[in-house]
């Protein structure tokens, strides 16, 4: 673009205001385009050229600059500025096409599909101009901007958190309330309350700095309504401390609620209101510390970091630095990315961290929409979420680098081929011959035998001190009542069978066959139930044990009451150890009885206990016998709180393990993990197969 003789005028609506020193310490200004609500940062040279723009001609502006500045910009600098203004359409046009050209300044219309992809989880509906409201509210909340107020809040917060840490049992007892339906509703209400007050905090702080707050409305955060406030004018503040105060006001408001709700939980008596205070406090702490202060999302944490570093467009610069580092590491002849004020490694590290966080975030969102919506909606949304926000950026970067693949040396390409082949083999070949699972270890408990039903002793087969084997008969009982019921039922079954046979051969009673068949089936079920009760009267040992505490009055012919104690069975080899592991559905078929096992106690990496698999559960366990293993107690097994109690989330099978005798027997139950020797398999392929099976079951195929 050649430098014209006369300078075209700037648009009348463009505003210029100071922005404070740049990262290099030089003065800077910002150009504000109100039509697109965009800010452009310029340096001192650009500002001086714009200050002399009214002279009209290029020669007059350059001459005036030579007189005003020791190191005045030259024609090349003026040409670059003119090109910048032209490219961003900040120049006024006087020809007939001016109106049409100005219309193009507005962002191009977004296709509804693209808009929906970016906004279906967070929709904004503007409702009103709240500037007058915040002008009325700001002076009434002036006390919240005084140091004394925040000193009191900080002291109360520290004391409150200390009190919570001193009451872990009470904390976890209330924590389970969050997993109920009522608790989930309170979380949703707390989220709406805190997000709304968060936005009010921004609005009040912006108004105190003299900014206009021109727009507020309702935002649908995952279809849940919350308040939002537009404070984009924050970039008009030249002092970074003022910008910092507006940016941190939302988080500060949430922390006030967190502290007050924490004390509400501590002081209120047990009940729904105390549980509600717990939910509000927990949501506020998590929302403030884990989400809003997160610099990897474009929330308050990112803008706080950008203001503290005084680095505008930090994320874009970080992505550029990360892209440059990645390409140079691959072997492309990529020039270093600009990094004014910050080292390249810091910018690239922030870029890679943001990319990794986005990967986890979008996978989580995809999983959320997958399970939250019906399959007809959830599956396409999850697929589009992964394809648009994860696969598409990766594919775009690969497409940009692919034409330049010749820049990579042949030796480096061979190493890449070897690495790729290794990853493929690692993904498909079986390379693991073990199954790992969480487990707990305990001393094999003594077993008390009880009378299953009121009955008469027929025969006693053991005595005190005698060793018995698993399955061996300890006591035979007889119940004349059950025997008589069995005889009666057998007779009634024969009668029903005879009537059925007769009805089948007689045309007059043939229509009664279906009723007679139902009667016969009911009597046979009743007979099977009585036979099972009679079988229970034969009491057997469930393990190899020694008989103890056998009463002297248990002799043949003696009547015993139901639940009366018969004897105690102690482990035959003294205090033996047993472990119970919970393996995933994808792994339990590979676990065989007799397989070698190693148990690793938590907190003791040097101790290893060996044993063998004794039995594998035939059905999935809905509960864990040791609560410390569940996620509700910070354990590895996912669990949820239901009205019926704590339940495991997913299919886990209990595996009983016999542990070899140890020099010292633990005096308490220990949690840990086990490694079970199994057939060779590929854990990555197994996990993928399990995920596909879950999707298949969810879809109902």
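The values are calculated or read from the model by the stated rules, or taken from the named source; none is laboratory data. None of the values given here were measured: they were computed from a predicted structure. Backbone-built Cβ (ideal geometry, glycine too); neighbour counts: all protein chains shown.
Here are the numbers:
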{"read-out": "Residue among 403, 336, 295 that is surrounded by fewer than 16 Cβ atoms within 10 Å (Cβ to Cβ) and under 28 Å from residue 27 (Cβ atoms)", "value": "336"}
{"read-out": "For residue 372: the one exception among (1) exposed (fewer than 14 other Cβ atoms within 10 Å of the Cβ); (2) closer than 23 Å to residue 41 by Cα", "value": "(2)"}
{"read-out": "Residue match in segment 587-597 (condition: at pLDDT below 80 and at negative phi)", "value": "yes"}
{"read-out": "Filter result for the condition that a residue is touching a residue at least 12 places away in the same chain (Cβ under 8 Å) and touching a helix residue (DSSP H, G or I) at 6+ places or on another chain (Cβ under 9 Å), over 548, 527", "value": "527"}
{"read-out": "Residue that is modelled with the lowest pLDDT [pool: residues in segment 111-131 that are part of a helix (DSSP H, G or I) and surrounded by 11 or more Cβ atoms within 10 Å (Cβ to Cβ)]", "value": "115"}
{"read-out": "Residue 216 being assigned to a strand (DSSP E or B), at pLDDT 75 or above and touching a helix residue (DSSP H, G or I) at 6+ places or on another chain (Cβ under 8 Å)", "value": "yes"}
{"read-out": "Matching residues in segment 241-269 - criterion: being in contact with a helix residue (DSSP H, G or I) (Cβ under 6 Å, 6 or more places away or on another chain) and free of Cβ contacts under 8 Å to residues at least 12 places away in the same chain", "value": "268"}
{"read-out": "Those strands (runs of 3 or more DSSP E) lying entirely in segment 372-478 with at least 2 residues in contact with a helix residue (DSSP H, G or I) (Cβ under 6 Å, 6 or more places away or on another chain)", "value": "432-443"}
{"read-out": "Condition check for residue 296: touching a helix residue (DSSP H, G or I) at 6+ places or on another chain (Cβ under 8 Å), assigned to a loop (DSSP other than H, G, I, E, B) and modelled with pLDDT of 80 or more", "value": "yes"}
{"read-out": "Among the candidates 134, 177, 228, residue that is modelled with pLDDT under 75, part of a helix (DSSP H, G or I) and either in the same structural domain as residue 378 (by TED's automatic domain parsing) or surrounded by 17 or more Cβ atoms within 10 Å (Cβ to Cβ) (or both)", "value": "177"}
{"read-out": "Strands (runs of 3 or more DSSP E) wholly inside segment 622-701 containing at least 3 residues that are at pLDDT 80 or above", "value": "652-659, 670-681"}
{"read-out": "Selection status of residue 464, loosely packed, with under 15 Cβ neighbours inside 10 Å, touching a residue at least 12 places away in the same chain (Cβ under 8 Å) and closer than 24 Å to residue 558 by Cβ", "value": "yes"}
{"read-out": "Number of the condition not met by residue 516 [criteria: (1) part of a loop (DSSP other than H, G, I, E, B); (2) farther than 30 Å from residue 638 by Cβ; (3) at pLDDT below 80]", "value": "(1)"}
{"read-out": "Which numbered condition residue 419 misses (of (1) in the same structural domain as residue 654 (by TED's automatic domain parsing); (2) closer than 23 Å to residue 328 by Cα)", "value": "(1)"}
{"read-out": "Qualifying residue in segment 32-48 (condition: at pLDDT 80 or above, more than 45 Å from the chain's Cα centre (by Cα) and over 25 Å from residue 314 (Cβ atoms))", "value": "yes"}
{"read-out": "Top-ranked residue of segment 610-627 - restricted to ones that are in contact with a helix residue (DSSP H, G or I) (Cβ under 9 Å, 6 or more places away or on another chain) and within 16 Å of residue 588 (Cα to Cα), ranked as surrounded by the most Cβ atoms within 10 Å (Cβ to Cβ)", "value": "616"}
{"read-out": "First in segment 119-142 and farther than 19 Å from residue 233 by Cα, second anywhere and at pLDDT below 75 and not in a strand (DSSP E or B), Cβ under 7 Å, 6 or more apart", "value": "121/222"}
{"read-out": "Test: residue in segment 303-325 that is out of contact with any strand residue (DSSP E or B) (no Cβ under 6 Å at 6 or more places or on another chain) and within 20 Å of residue 200 (Cα to Cα)", "value": "yes"}
